[in-house]
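The values are calculated or read from the model by the stated rules, or taken from the named source; none is laboratory data. Nothing here was measured: the structure is a model prediction, and the numbers come from that model. As a convention, Cβ positions derive from the backbone with ideal geometry for all residues, glycine included, and neighbour counts pool all protein chains shown.
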Amino acid sequence: MNARREPGPGPFRDRAAAPAPVIEAAGLKKHFPIDTGVIAALVRRGPPRTVKAIDGVDVSVSSRSIFGLVGESGSGKSTLGMTLVRLHEPTAGSIFLSGEEVTHVHGDGLRRFRRRAQIIFQDPYGSLNPRLTVGDAVEEPLKIHGIGDRAERAVRVVESLERVSLQPRHFLHRYPHELSGGQRQRAVIARTLVLEPDFVVADEPISMLDVSIRAGILDLLETLSKDLGLGVLYVSHDISTVRYICDRVAIMYLGVFVEQGETGEVIDHPAHPYTQSLMAAVPLVDPTAGRKRVELPGEVPTPIDIPSGCRFRTRCPCVMDICSRVVPAWRDVGPGHRVACHLYQDATASSSGVPARGPGDRPFAHPPEAGDCREAG
Ligand SMILES: Nc1ncnc2c1ncn2[C@@H]1O[C@H](COP(=O)(O)OP(=O)(O)OP(=O)(O)O)[C@@H](O)[C@H]1O
Ligand code: SF4
Ligand SMILES: [Mg+2]
């Protein structure tokens, strides 16, 4: 860990009263080179291509808060989570943990970072070794990091199990196949917590669980975040669960954020045409109800060949001439609520701070609702 983070011009720099960020990233990119093999080199024309899974993201997650990440399949949510915890090497940009740069730490620095930044995957079956008891599985990270002697580790294992409401005397000696799906995910969370991390990525942690036990896991995540001061990045397709537990949310499309803000504000007043389409496609019902995958009409462009200007323009009902030429800048559309779309002009340049123009540069009388653009066009 080396440089300290100075407040910069990113989209979160204006939160004077906000709690301290635990993880921050600026200009983060993760590009995957493809067709780099010998055979691919023989058949391809031109240089090797890259999948631009993350293509310039600024993000900040505060301690004691849950930051939601929503977007269609392939938008880059998991890649962002894995890059933030350094399971992927960033292609560009910087990552800071509690103000210290961790973008390129390695060796002991990376081991220390891994203790403090953890990830929970969606599949609790795949996350637990079938040959280890719950007690051994939760103790394993402590052994790997050389933490405590046997007695100290035992105390921490018991504490971790109690935190996730798994009675140690009932669960310490059970194997994963002897647990329900919810108990297995709780064991995974206990294994994550035993290292006392500051930041956790929860990548669709309830999507493989039975509907009846989802709310319990969501409540647990929320309680842990508040009680332990954890910053959580909660990745989900499911907007209703994001509303249920997240303080802030970012909407992701083809490797970038297109809208972000306080969760209620973004969900109740979606400003970006993509967010509006998501909200229209996924009715907000019981957050614990069945799986609701985000699916919109129109084909998602490949992250190998991203459209110029606004990357949503090929599916946007509000598209204008400028959209293919100019990448939209962030605009304020409400307190801490920002959107990257040419329909809006900067609050500083507009007395109302609401959209500047509709299709064909005609003014909107009010912030566009889903369907406004098609009607106006
Ligand atoms: N190791 C890799 N090599 C090449 N491409 C990759 C790799 N990992 C992810 N990608 C690509 O990066 C893009 C983003 O993938 P990612 O898994 O982050 O999406 P996601 O938003 O998490 O999707 P889902 O909701 O389906 O989990 C996809 O086009 C995916 O195919
Ligand atoms: S109006 Fe233009 S900038 Fe806004 S989302 Fe549509 S295509 Fe993108
Ligand atoms: Mg994913």
In segment 256-271, is there at least one residue being small (Gly, Ala, Ser), in contact (Cβ under 8 Å) with a residue 40 or more places away in the chain, out of contact with any Leu (no Cβ under 6 Å at 6 or more places or on another chain) and closer than 22 Å to Phe312 by Cβ?
yes
Filtering segment 76-110 down to residues that are among the polar types (S, T, N, Q) and out of contact with any Pro (no Cβ under 9 Å at 6 or more places or on another chain), which residue is surrounded by the most Cβ atoms within 10 Å (Cβ to Cβ)?
Thr79
I need the full set of residues from segment 304-333 which are charged (D, E, K, R) and under 24 Å from Gly46 (Cβ atoms), in order please.
Asp305, Arg311
Taking Ser212, is it in a helix (DSSP H, G or I), buried (at least 18 other Cβ atoms within 10 Å of the Cβ), away from ligand 1 (no atom under 16 Å from the Cβ) and among the hydroxyl-bearing types (Ser, Thr, Tyr)?
no
By residue number, the members of segment 61-74 that are modelled with pLDDT of 95 or more and within 10 Å of ligand 3 (Cβ to nearest atom) are Leu69
Among the residues in segment 97-111, are any more than 16 Å from ligand 2 (Cβ to nearest atom), over 19 Å from the mean Cα position of the chain (by Cα) and aliphatic (A, V, I, L, M)?
yes
Please specify each residue of segment 157-200 satisfying the condition of being crowded, with 18+ Cβ neighbours inside 10 Å, free of Cβ contacts under 8 Å to residues at least 40 places away in the same chain and part of a loop (DSSP other than H, G, I, E, B).
Leu166, Leu172
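So that you can scan it fast, the table gives a plain yes or no per residue for (1) closer than 29 Å to Ser207 by Cβ; (2) in a loop (DSSP other than H, G, I, E, B); (3) at pLDDT 95 or above; (4) of a type in the set (S, T, N, Q):
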| position | (1), (2), (3), (4) |
| --- | --- |
| Pro9 | no, yes, no, no |
| Pro19 | yes, yes, no, no |
| Gly27 | no, no, yes, no |
| Lys30 | yes, no, yes, no |
| Thr36 | no, yes, no, yes |
| Ala41 | no, no, no, no |
| Gly46 | no, yes, no, no |
| Leu80 | yes, no, yes, no |
| Thr83 | yes, no, yes, yes |
Among (1) more than 16 Å from ligand 1 (Cβ to nearest atom); (2) within 24 Å of Lys30 (Cβ to Cβ) - the single one Asp227 does not satisfy:
(2)
Out of curiosity, is Val235 under 24 Å from Arg186 (Cα atoms) and either in a helix (DSSP H, G or I) or within 16 Å of ligand 1 (Cβ to nearest atom) (or both)?
yes
Any residue at all in segment 257-267 that is part of a helix (DSSP H, G or I), out of contact with any Gly (no Cβ under 8 Å at 6 or more places or on another chain), at pLDDT below 90 and surrounded by 24 or more Cβ atoms within 10 Å (Cβ to Cβ)?
no
I'd like to check something: does segment 194-213 contain any residue that is of a type in the set (Asp, Glu), away from ligand 2 (no atom under 16 Å from the Cβ) and over 30 Å from Val158 (Cα atoms)?
no
Give all pairs with beta carbons closer than 6 Å in which a residue from segment 101-129 that is without any contact (Cβ under 8 Å) to a residue 40 or more places away in the chain meets a residue that is of a type in the set (Val, Ile, Thr); count only pairs at least 6 apart in sequence or on separate chains.
Thr103/Ile95
Neighbours by Cβ (under 8 Å, 6+ apart or cross-chain): first from segment 314-328, free of Cβ contacts under 8 Å to residues at least 12 places away in the same chain and closer than 16 Å to Val258 by Cβ; second more than 8 Å from ligand 2 (Cβ to nearest atom) and among the aromatic types (Phe, Trp, Tyr):
none
Residues (assigned to a loop (DSSP other than H, G, I, E, B) and either modelled with pLDDT of 95 or more or more than 15 Å from the chain's Cα centre (by Cα) (or both)) located in segment 238-256:
Cys246, Asp247, Leu254, Gly255
For residues in segment 58-75 being more than 16 Å from ligand 2 (Cβ to nearest atom) and over 11 Å from the mean Cα position of the chain (by Cα), which is surrounded by the fewest Cβ atoms within 10 Å (Cβ to Cβ)?
Ser73
Need the failing condition index for Ala92 against (1) within 12 Å of ligand 1 (Cβ to nearest atom); (2) touching a residue at least 40 places away in the same chain (Cβ under 8 Å), just the number.
(1)
Kindly state which helices (runs of 4 or more DSSP H) lie completely within segment 91-153 and contain at least 2 residues that are farther than 19 Å from Ala187 by Cα.
108-116
